[in-house]
Structures are given as C-alpha cells and as structure tokens.
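One structure is given below, represented as structure tokens, and several questions about it will come after.
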Amino acid sequence: MSLGRLKQTLARAGYRSAWDKEAVVTFFQETYHQNRMTHSGDTGTEDDAAELGQMTWR
C-alpha cells in the first residue's frame, strides 16, 4: 500500500492532522515486526521498527 493511499484510508477511518503521522508511523512499525517474524523468525528491534516508521513518513 502506498503512503498516500494509507493516509487516505486512515483519514476515512477518522485519523486527522497530528494523529495522521502517528497512525502512519505506527502502522509501518507494526508491519516491520510482522515482516521480520514471517521472514526471519524474530520480530526485530523496536529501534529498527521506529526508524522504519519515521523513514516512511518523510
């Protein structure tokens, strides 16, 4: 899912403005953990997940 489409989906679900960024960052953090578990058998570190979440927002 593209970042723009995710933002639209979250906006329709009621996330707006300041919450919009937090929702997007959290979504990608959790996606990171799920992908790591699927492909590596571990969830990765919280720092790596946070970094990915911040990178997707930029």
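The values are calculated or read from the model by the stated rules, or taken from the named source; none is laboratory data. No experiment lies behind these values; they were computed from the predicted model shown. A quick note on method: Cβ atoms are made from the backbone with ideal geometry, for glycine too, and the neighbour counts reach across all protein chains shown. In case anyone asks, the SASA skips ligands and DNA or RNA and just uses the protein heavy atoms, side chains included. Shrake-Rupley method; radii C 1.70, N 1.55, O 1.52, S 1.80 Å.
May I ask you to list the residues of the range 30-58 whose amide nitrogen lies under 12 Å from a point 7 Å from Cα along the Cα→beta-carbon direction of residue 21?
Residues 54-55, 57-58 fall inside that zone.
Full-extension gain between residue 6 and residue 38, please, as 0.36 nm times their residue separation minus the C-alpha to C-alpha distance.
On the way: separation 32, 0.36 × 32 = 11.52 nm, distance 2.19 nm.
So the extension gain works out to 9.3 nm.
Where the accessible area of the chain is counted over protein heavy atoms with a 1.4 Å probe, how much of it, in %, is carbon and sulfur? Please report the intermediate quantities before stating the final value.
Numbers: 2190 of 4230 Å².
Roughly 52 percent, rounded to a whole number.
Got a number for the accessible area of residue 40? Probe 1.4 Å, square angstrom, nearest 10.
70
OK, next. Taking only protein heavy atoms into account and a 1.4 Å probe, give the accessible area per residue of the chain in Å².
Numbers: 4230 Å² over 58 residues.
It amounts to 73 Å² per residue over the chain.
Based on C-alpha coordinates, I'd like the Rg and Dmax of the chain, in Å.
In order Rg, Dmax, the Cα atoms of the chain give 12.0, 35 Å.
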